[in-house]
Amino acid sequence: MSALLEVQGLRVTFGGTAAVRGASLTVNKGETHCLVGESGCGKSVTSLAIMALLAKGGRREADVLSFAGQDIRGLNERQMSRLRGDRMAMIFQEPMTSLNPAYTVGSQMTEVLRRHRGASRVQAVDRAAELLGRVGITAPGLRLGQFPHQLSGGLRQRVMIAMALMCDPELLIADEPTTALDVTVQAQILRLLAGIQKDLGLGILLITHDLGVVARIADRVSVMYAGEVVESAPTAALFADPQHPYTRGLLACVPVPGKVKRGDPLGSIPGVVPRIPPGFRGCAFRDRCAYAHAECAGTIPRRGAGAGHEVLCTLPPGYASRVAA
Amino acid sequence: MLRFLLRRLAVALLVALTVLTLSFLLTRLSGDLAISIAGPNATQEDVDIIRRAYGLNRPLTQQYLDWLVRAVQGDFGDSFFFKDRVAKLIASRLPITMTLGLVGLAIALVVSLPLGIIAAVRENSWVDRSVMMVALIGQAMPSFWLGLILMVVLGLNLGWLPISGTGGWEYYVMPGIVLAFSAIPSLMRLTRSGMIEALSSDYIRTARAKGLSRLSILVKHGFRNAAIPVVSIAAVQLGFMLGGSIVIESVFAMHGVGYLAWESIGKNDFPVVQAVVLVLALLYIALTLLADMLNAVLDPRLRSA
Ligand SMILES: Nc1ncnc2c1ncn2[C@@H]1O[C@H](COP(=O)(O)OP(=O)(O)OP(=O)(O)O)[C@@H](O)[C@H]1O
Ligand SMILES: [Mg+2]
C-alpha cells in the first residue's frame, strides 16, 4: 500500500482562531479512512484545507501535504483545478446549497467529465445517468433534466455523490455524505463506494458522526479533538483497544453501532469542545479528562500503541484499568 | 412558468390602465381644457366652438371611454402645433429615442458588468475601492453637465464626434455616454454585491471542487445568479433613460420624443405632451414585464412558482 494522501502538521487559522492545529493523517490507495470527532473539532476545515477550498480568510500551513506523491502545498488555483474533480473529488456536508440553483442536474454533472476528459455531451449524459442509477436514483433521465429546487435533500446529496464520481477519482473526500439519507439508501451508497474502491483502488477519507458506519466500512480511524488528530488506528484496534481518554469517551457514548442519529448529544463526555487560544500548549482535552495530571499542560508526546496505532497522550498504556483497579 | 407570466401580464395591464386613466384625468381636471386650447386672446364664443368641436361638453365618463378606446388603438388625436396626427409624430420620433436608450444601456452594461465582477473578485482591494469611487463620482455628476463637458472635449477640442443633431451612429455616442453614466453606478454596485454573494456561496465552492475553469466559475456559475437582480435594474434604468431623454435630447438637439415633448410643452400642445408621457409610461411597463420574463428564464425557481 502506498500513501495516496499524506497530511502532516496541518494548521488552519481564521484570523486569530486556530481551527486545525497540527493534524496528521494518511489515506492509502484503496483504503477507507474515517475521521470522527465532536461537532466543531475541525473535520470539515481539515478536508477543505486538503482540497484548498477554505473559505475566505482561512490560512493553511502544513509540514507535509502530498497527493499521489506530489507536494500540493505550493500549487496555485489553476494547478489545483486540474486535480480537483478529476483525481480528487469532494462531497460537501451541505447538500441543500451545494448545487447551483440555476442549472439542471444534468448540466452540472456533465460539465465535470467534459472539462477533465473532453467527453462529448452524449458520453457525459450517459455517464451521469449511469451514476445516478448507481446511487439509487430511479428515473435518472427525468432527474437529469430537473433543477436542484425540484429535488429533496436526500436526492441532492445523492446527486452530489454521483457528481463526485464522474471522473473516477483516486481520492474521494466525503464530509458526512449520508446524513440526509435513510438507512437503506445509506447502505446502498456505502456498498457502491466499497465496490468502486475494489474495482479502482479508490482512497476514501470519510467524515462521519456514525460510529456504526465506521465499524462497518473503515480500514482506519482517526479521532479528532479541537483541531488535532488525537488517536489514529486500524479500525479493529481502535474499537478493541482505544487509548486516548477522548476516544474512550466517544466509544462509550455509542454502545450499539447504528443506533446513533446525527444531532444526538455525544452523551457521557462532560463539557464542550473548548475554544483554543493561539499559542495554547498541552492537551486540549485536559479540562474534560478524568485522568488529567500535571504533564498534560506540557508538550504531548506521540506514542505508539501497536501496529499503526498512534495516540497523542501522556498517559501510559493500560492507565484506565489501573485507575479502575 | 405560464402562471407566473400570466400573473405578471395581468399586473402590467392593470398598471397600464391606471396610467391611461390618470393621464386622462390630469388633463381634464387641471382646469378647463377648452380655455387653454383656445388661448389667452379667445372670446367666449371661440371657447364654446372649441368645446363642441372637441366633444368637451359631453359627460366626463363618455369622454373618458371614447378617449380610452381611441388611445388603445393608438389614436391620440391631432397635434395643435404640428398639424399632424400625434400618433404619426410619435412613431417618427420614437426610433431615435429608443435607439438612444438602447445605446445608453449597452454602454452602461459593457462598462458596469465587467467592473462590477472585477470589484467583487478583488473585494476590498485598491481595484475594488477605485471602482466604487468612480461609481460614487458618477452618481454625483449631473448629466447635462457631463454632456457639456463631452461636447467641449470630444466635439470641440478633439473634433471626434458631432456636437449635436440627429443622424448616423456617431450622433448617438455622446448622448449615449451621458445616459450610460447615470445608470453605471447602480448597475455596477448591484453586479458587485450580487457577485460577492454568489462567490461566497456553497455552489461556487462546488464548482471549484469540480475543477472548473476560472471563467466558468465566475461567469457561468457566479454571474448567472448575480445577473437576476441586475436584469430588473437594467430594465428600470432603461426606463429612466427613455424618461430622461427629454433633457438629453434637448442638450444634444436630437429629434426624438423627448425633444418633441420639450417643443410641445413650449407650444402648449397638450395632446402631444399627453401622448408622449403616456407612451413613455407604457414603454416602462413593457420593460418591467420584459425583465420579469428574462428573470423567469434566468431563475428556474421562478419558472415553477
Ligand atoms: N469560515 C470560517 N471562519 C471562521 N471560523 C471557521 C470557519 N469555518 C470553520 N470555522 C471554525 O473552525 C472550527 C472547526 O469547524 P468545522 O466545520 O471543521 O467542524 P466540524 O468538525 O466539521 O464540525 P461538524 O461535525 O459540526 O461538521 C469551528 O470552531 C468553526 O467555528
Ligand atoms: Mg463539518
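The values are calculated or read from the model by the stated rules, or taken from the named source; none is laboratory data. From a predicted model like this one, the values you see are computed outputs, not experimental measurements. Please note: Cβ atoms are built from the backbone with ideal geometry, for glycine as well, and neighbour counts cover all protein chains shown.
So, in the range A:133-148, exactly how many residues are over 15 Å from residue A:99 (Cα atoms) and either within 14 Å of another protein chain (Cβ to nearest Cβ) or touching a Leu at 6+ places or on another chain (Cβ under 7 Å) (or both)?
Number satisfying all stated conditions: 4.
I'm trying to understand the selection: among the residues of the range A:155-178, which are more than 21 Å from residue A:124 (Cα to Cα) and of a type outside the set (Gly, Ala, Ser)?
Of everything in the range A:155-178, those that are more than 21 Å from residue A:124 (Cα to Cα) and of a type outside the set (Gly, Ala, Ser) turn out to be A:173, A:175, A:176, A:177, A:178.
Exactly one of these conditions fails for residue A:84: (1) facing chain B (nearest Cβ under 10 Å); (2) away from ligand 2 (no atom under 16 Å from the Cβ); (3) touching a residue at least 40 places away in the same chain (Cβ under 8 Å); (4) buried (at least 22 other Cβ atoms within 10 Å of the Cβ). Give me its number.
Result: residue A:84 passes all but (3).
Limited to the range A:107-127, what total is found for residues that are within 13 Å of another protein chain (Cβ to nearest Cβ) and either of a type in the set (Val, Ile, Thr) or crowded, with 21+ Cβ neighbours inside 10 Å (or both)?
Qualifying residue count for the region: 9.
Could you list all residues from the range A:149-191 that are within 16 Å of ligand 2 (Cβ to nearest atom), surrounded by fewer than 22 Cβ atoms within 10 Å (Cβ to Cβ), modelled with pLDDT of 90 or more and of a type in the set (A, V, I, L, M)?
Answer for the range A:149-191, where residues must be within 16 Å of ligand 2 (Cβ to nearest atom), surrounded by fewer than 22 Cβ atoms within 10 Å (Cβ to Cβ), modelled with pLDDT of 90 or more and of a type in the set (A, V, I, L, M): there is none.
When you go through (1) away from ligand 2 (no atom under 16 Å from the Cβ); (2) closer than 24 Å to residue A:202 by Cα; (3) within 14 Å of chain B (Cβ to nearest Cβ) one by one for residue A:76, which number turns out not to apply?
(2)
Hey, does the range B:10-27 have a residue that's farther than 28 Å from residue B:258 by Cβ and assigned to a helix (DSSP H, G or I)?
yes
For the range B:142-163, what are the residues that are in contact (Cβ under 8 Å) with a residue 12 or more places away in the chain and surrounded by fewer than 15 Cβ atoms within 10 Å (Cβ to Cβ)?
The answer is B:144, B:148.
Mind telling me which of the residues B:161, B:212, B:218 ends up being within 14 Å of chain A (Cβ to nearest Cβ) and in a loop (DSSP other than H, G, I, E, B)?
Just one listed residue meets the conditions, B:212.
Restricting the search to the range A:193-222, which residues are acidic (Asp, Glu) and assigned to a helix (DSSP H, G or I)?
A:199
Of the conditions (1) within 13 Å of ligand 1 (Cβ to nearest atom); (2) within 14 Å of another protein chain (Cβ to nearest Cβ), residue A:101 satisfies every one except a single condition; which number is it?
Here residue A:101 clears every test but (1).
Just name the residue that is nearest to the other protein chains (Cβ to nearest Cβ) out of those in the range A:44-68 that are at negative phi and away from ligand 1 (no atom under 14 Å from the Cβ).
Only one residue tops the list, namely A:67.
Answer yes or no: is there a residue in the range A:21-29 that is over 20 Å from residue B:217 (Cβ atoms), touching a Gly at 6+ places or on another chain (Cβ under 7 Å) and within 15 Å of ligand 2 (Cβ to nearest atom).
yes
Can you name every residue in the range A:199-235 that is on the phi > 0 side of the Ramachandran plot and either within 16 Å of ligand 2 (Cβ to nearest atom) or of a type outside the set (Gly, Ala, Ser) (or both)?
Listed by number, the residues that qualify are A:226, A:227.
Please enumerate the residues belonging to the range B:70-87 that are in a helix (DSSP H, G or I) and over 24 Å from residue B:251 (Cα atoms).
Scanning the range B:70-87 gives B:70, B:71, B:72, B:87.
Against the conditions (1) without any contact (Cβ under 8 Å) to a residue 60 or more places away in the chain; (2) under 30 Å from residue B:14 (Cα atoms), where does residue B:250 fall short? Just the number, please.
(2)
Looking only at the range A:149-170, count how many residues are away from chain B (no Cβ under 12 Å) and either in contact with a Cys (Cβ under 9 Å, 6 or more places away or on another chain) or not in a loop (DSSP other than H, G, I, E, B) (or both).
Total meeting the criteria: 7.
Please go through the range A:128-148 and give me each residue that is surrounded by 18 or more Cβ atoms within 10 Å (Cβ to Cβ) and either part of a helix (DSSP H, G or I) or among the β-branched types (Val, Ile, Thr) (or both), ordered by number.
The answer is A:128, A:129, A:131, A:132, A:134, A:135, A:137, A:140, A:143, A:144, A:148.
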